[in-house]
Amino acid sequence: MNPIEIESVQQQLESFIDKDVYVHLETTNGAYASHFDDKAYNVGAYIRNAKVRFSQAKIVGNGKSYRAGLKMEFGWIYAEGLSDWTIHGDNQLLLAGHDREGRLMVSLEISEVPFRY
Amino acid sequence: MEKHVVVIYPHPDDESFGAAGTISEFREKGVPVTYLCGTLGEMGRNMGSPTFANRETLPEIRKEELIKASEALDIELQMLGYRDKTLEFEDLTKVANHLKGILEDIKPSLVITHYPDHAVHPDHNALGAAAVEAVRMMDESNRPIVWAQAITNNYYEDLGKPDVINDIRPYFNKKMEAILAHKSQADGMLGKFKENSEIAADMEEAAKERLGTEQFYIWKY
């Protein structure tokens with residue numbers, strides 16, 4: 001993945017507006033957080049291939065870390081801590097944030113076809 | 001001597017970090033070893049360091065790494081096709097029956113898996129429980145021995161001294177070769193080795209200390 005270029009990502013996000021799309025949204029600190037540090041908490045959530053439709057989409061940030069918000073008819077999809085992006089396959093937009101060791105902390109992905117696996 | 005050993009863990013790299021030394025020793029003696037790998041570690045958060053994988057390319061990358069590690073260890077590989085992080089939500093009996101079918105086919109004399117509730121990762125606990133159950137459901141006369149691996153911080157206090165304590169330092173290089181085949185997952189560790197050549201020797205000692213012993217409890221049915 002490459003560091004987020006805000007104009008390109010904004011353009012990509014807008015290409016999915018008012019279409020039925022599949023979303024992968026995830027955050028995690030790993031399954032071993034409280035194993036290596038008994039004061040830490042294991043926290044994570046993901047939803048994969050949720051079929052949604054949004055009418056507005058925006059990415060905002062300071063050049064390093066970005067937030068993305070997708071406005072749906074009855075709610076929002078939100079991700080914070082995004083730093084990297086790529087286009088996977090034909091047209092799947094992948095956004096993610098990684099820690100110093102390159103471990104994924106947050107991920108927001110949008111596709112017109114379901115994600116594999 | 002064992003007839004055939006089946007290793008049952010959920011993630012590509014569990015076999016290398018957890019049992020590569022023990023596996024190498026069996027292979028050296030000519031004992032066939034089959035690895036039943038539960039998932040492709042699709043939800044792993046290590047993407048290489050520096051990152052070269054992403055959430056969507058990770059499964060294929062880890063599959064290739066798993067094949068490489070299996071070649072390094074000279075073992076047969078079967079991928080079970082479950083999804084990372086979801087094993088505990090599957091029907092335990094169904095998974096156990098799936099494993100039982102494979103075990104009845106291979107007819108191993110020994111099964112190596114995780115110790116249920118003492119294996120930290122929910123997938124480890126769930127697949128360990130399914131493996132233990134699969135063997136329980138087998139005809140008593142055909143049951144292989146089960147070695148269960150505990151990795152919680154308190155397993156020694158809870159379970160006592162492991163029944164099998166393998167000093168695998170003679171196979172340490174082979175174990176490292178298998179671990180490093182999982183490049184996306186081992187990169188961080190490899191990076192630390194490279195980062196500072198002065199501490200490399202210390203790191204190797206530390207790695208040997210941490211990875212030089214493989215311990216198992218013999219499951220009592």
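Just a few scattered comments:
- Pick from the stretch B:141-156, criterion more than 14 Å from chain A (Cβ to nearest Cβ) and without any contact (Cβ under 8 Å) to a residue 40 or more places away in the chain, ranking: nearest to the chain's Cα centre (by Cα): B:156
- Pairs linking a residue in the stretch A:26-46 that is closer than 22 Å to residue B:150 by Cβ to a residue that is in a helix (DSSP H, G or I) and of a type in the set (A, V, I, L, M), with Cβ atoms under 8 Å and 6 or more positions apart or on different chains, are A:40/A:33; A:42/A:33.
- Among the residues listed as A:23, A:9, the single one being over 23 Å from residue B:85 (Cβ atoms), hydrophobic (A, V, I, L, M, F, W, C) and in contact (Cβ under 8 Å) with a residue 60 or more places away in the chain: A:9
- As for the stretch B:121-132, it holds at least one residue that is away from chain A (no Cβ under 14 Å), touching a Pro at 6+ places or on another chain (Cβ under 6 Å), under 21 Å from residue A:35 (Cβ atoms) and not aromatic (Phe, Trp, Tyr).
- Any hit, the stretch B:41-48, residues being out of contact with any Pro (no Cβ under 7 Å at 6 or more places or on another chain), without any contact (Cβ under 8 Å) to a residue 60 or more places away in the chain and not in a strand (DSSP E or B): yes
- A count restricted to the stretch B:185-207 and to residues that are in contact with a Pro (Cβ under 9 Å, 6 or more places away or on another chain) and at pLDDT 75 or above stands at 2.
- Listed by position, the strands (runs of 3 or more DSSP E) contained in the stretch A:1-116 that have at least 2 residues being within 12 Å of another protein chain (Cβ to nearest Cβ) and surrounded by 13 or more Cβ atoms within 10 Å (Cβ to Cβ) are A:21-28, A:44-52, A:84-88, A:92-98, A:104-111.
- All conditions but one from (1) modelled with pLDDT of 95 or more; (2) of a type outside the set (A, V, I, L, M, F, W, C); (3) in a loop (DSSP other than H, G, I, E, B) apply to residue B:221; the one that does not is (1).
- Here the condition is being under 25 Å from residue B:138 (Cβ atoms) and among the basic types (Lys, Arg); of B:85, B:63, B:68, B:3, it holds for B:3 alone.
- Residues being part of a loop (DSSP other than H, G, I, E, B), of a type outside the set (A, V, I, L, M, F, W, C), farther than 23 Å from residue A:82 by Cβ and in contact with a Leu (Cβ under 9 Å, 6 or more places away or on another chain) - total across the stretch B:54-85: 3
- The numbered conditions (1) within 16 Å of the chain's Cα centre (by Cα); (2) among the aromatic types (Phe, Trp, Tyr); (3) within 14 Å of another protein chain (Cβ to nearest Cβ) are all true for residue B:52 except (1).
The values are calculated or read from the model by the stated rules, or taken from the named source; none is laboratory data. Please read these numbers as outputs of a predicted model, since none were measured by experiment. Backbone-built Cβ (ideal geometry, glycine too); neighbour counts: all protein chains shown.
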